[in-house]
Structures are given as C-alpha cells and as structure tokens.
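Written below as structure tokens is the structure these notes are about.
We did not get these values from a lab; they are worked out from the coordinates using the rules stated. These figures come from a predicted structure and were not determined experimentally. Please note: Cβ atoms are built from the backbone with ideal geometry, for glycine as well, and neighbour counts cover all protein chains shown.
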Amino acid sequence: MPPGAGPGYPGQLPYSSEPLSALPAGGGQMTFTKQLQALELEEIPDNFIIGRTERRWLLPTILAVSCVTIGVVIGIFLFTAEGVPTRTTLKINSIPGGASVKINDLAVAEVTPIEWSSAEPGARYVIVLERQGYETETREVTVSADGGDITVILERVPVTLEVDSTPQGAEIYLNGQFKGRTPKTLTGLDVNKSRELELILSGYQPHMETLSWEDKDILQRNIDLHKAPRSP
C-alpha cells in the first residue's frame, strides 16, 4: 500500500471510494462509520437498501388503518346507543275484546286488548285472534321501529236457533220474517238479523222476546204459551 493511501497514517484520509463531493468540508478526517454511511447513501441502489422505500408508505398506511378502525368503533357505538331498538311494543286489539291471541303459533297469556313488548323491529308476524262465537281472524304485520297498533273486527259465525213451544204448532217470526212452525231448527242465521223472536198461535197470547246470543252459536228456546182471555 503506497504511503499516505491507507489507514493508520496520521493526517491522512482513510481509504474511501467516495467522490470528493462527499468528503467533509474543510478537509477534516472522515471516520470509518461515516464512510460506511456515505457508501450506503451514494453507492448502494435504492432497491437494495432495506427499509428506505417501506418507510415512505408505512406511516400513511398506519394512519389510514387507525382512522378506519376508529370510525368503525364509533359507528358501532352510535348504532348500539342510538340506533334501532332491539325490541318494541305491538298493540293488538279486537272488537269485541276478549279474544285469545297467537303470535307465530305461540299463545299469548292475555286476551285482547294487549301490548306485546317482545316485537322485533322489521320482523314479520302472523297474528291469529280467536273468540267463541266468532270467526277466527288472521293478520300478517311487519313491525316498525316505533312498534305498531292493530285492531281487528271479529265477525260472528252463523248461528242456530232451536225453537219449540207448548203447545206446538205456533208460527215463528224472526225479526219480522216468517220462519215456519214449532218445533223448528233454524240454521245459518246471521246473529245481527236474528234478535227479535215472536210466536203466534190461535187461542193463545202472542209471545215476543229479544234473544240474547252473547257468544253462543246455538240457542235453544222452549216457550210455554198462555191462553188468550175469552171475550165477554
């Protein structure tokens, strides 16, 4: 090694392949560590320097992922705290009241009117209402977030009237219409048109009454007729 060209000579620069532009200003001595750093910065291509390229996108990526994560957490919190409730109330009523209720084939303990507080918003339910003497009614409802309120008018089933009298053979009038003579069974009657019953038999006092069907679908009437007073 020629004098002054290698390490160990006081006042001389160590061996370096650095261009002169990379030497310290003022001609000061470059340490071996600085020489390695200069070699890395100037002579090694970027694609061979580990970590240089990655550092350029690593921080923005971390920030983006953090923002997305925070947004998701806040969204879940807001949806849970102020979003759609998990349960709501469905009010069910019938005319007349007192009907039993089934919701999706499950019987409810109360009879109408009821407030069912286990409804899920957006869910669809099949509601069945039953009461003796009335047609079974079925409704399908989709519950909103605010719940719901349904009222069902129950229709009476056709009723049967069995009429007899003592003595027999009396004429039967139902709401003013002749229906035959006692004994007689009248079927398929509309309860709303079968309220006023009248029996007429010659020599006997007419019998009139208002039938009380309540929830019955069969009504039996056996009537004792009284003789009419004789004319003086």
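Against the condition under 30 Å from Thr86 (Cβ atoms), surrounded by 17 or more Cβ atoms within 10 Å (Cβ to Cβ) and among the β-branched types (Val, Ile, Thr), how does Ile127 come out, does it pass?
Values: under 30 Å from Thr86 (Cβ atoms): yes; surrounded by 17 or more Cβ atoms within 10 Å (Cβ to Cβ): yes; among the β-branched types (Val, Ile, Thr): yes.
Yes.
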Problem set entry | Matching residues in region 128-183 - criterion: being hydrophobic (A, V, I, L, M, F, W, C) and under 25 Å from the mean Cα position of the chain (by Cα) | Val128, Leu129, Val141, Val143, Ala145, Ile150, Val152, Ile153
Exercise. What's the number of the condition Thr210 fails, among (1) surrounded by 11 or more Cβ atoms within 10 Å (Cβ to Cβ); (2) touching a Lys or Arg at 6+ places or on another chain (Cβ under 9 Å)?
Worked result: (1)
Problem set entry | Test: Ser231 is within 27 Å of Glu135 (Cα to Cα) and not in a strand (DSSP E or B) | no
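Step by step: first the residues of region 109-165, then only those that are free of Cβ contacts under 8 Å to residues at least 12 places away in the same chain and assigned to a strand (DSSP E or B), then the one that is nearest to Lys179 (Cα to Cα). Which residue is that? Talk me through it step by step, then tell me what you get.
Our first condition is that a residue be free of Cβ contacts under 8 Å to residues at least 12 places away in the same chain; within region 109-165, this holds for 109-110, 136.
Okay, now just the ones that are also assigned to a strand (DSSP E or B), so 109-110.
Values: Ala109: 43, Glu110: 41 Å.
My answer is Glu110.
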Problem set entry | Leu174 crowded, with 17+ Cβ neighbours inside 10 Å and either free of Cβ contacts under 8 Å to residues at least 40 places away in the same chain or in contact with a Cys (Cβ under 7 Å, 6 or more places away or on another chain) (or both) | yes
Exercise. Which of (1) on the phi > 0 side of the Ramachandran plot; (2) touching a helix residue (DSSP H, G or I) at 6+ places or on another chain (Cβ under 8 Å) does Gly147 not meet, given it meets every other one?
Worked result: (2)
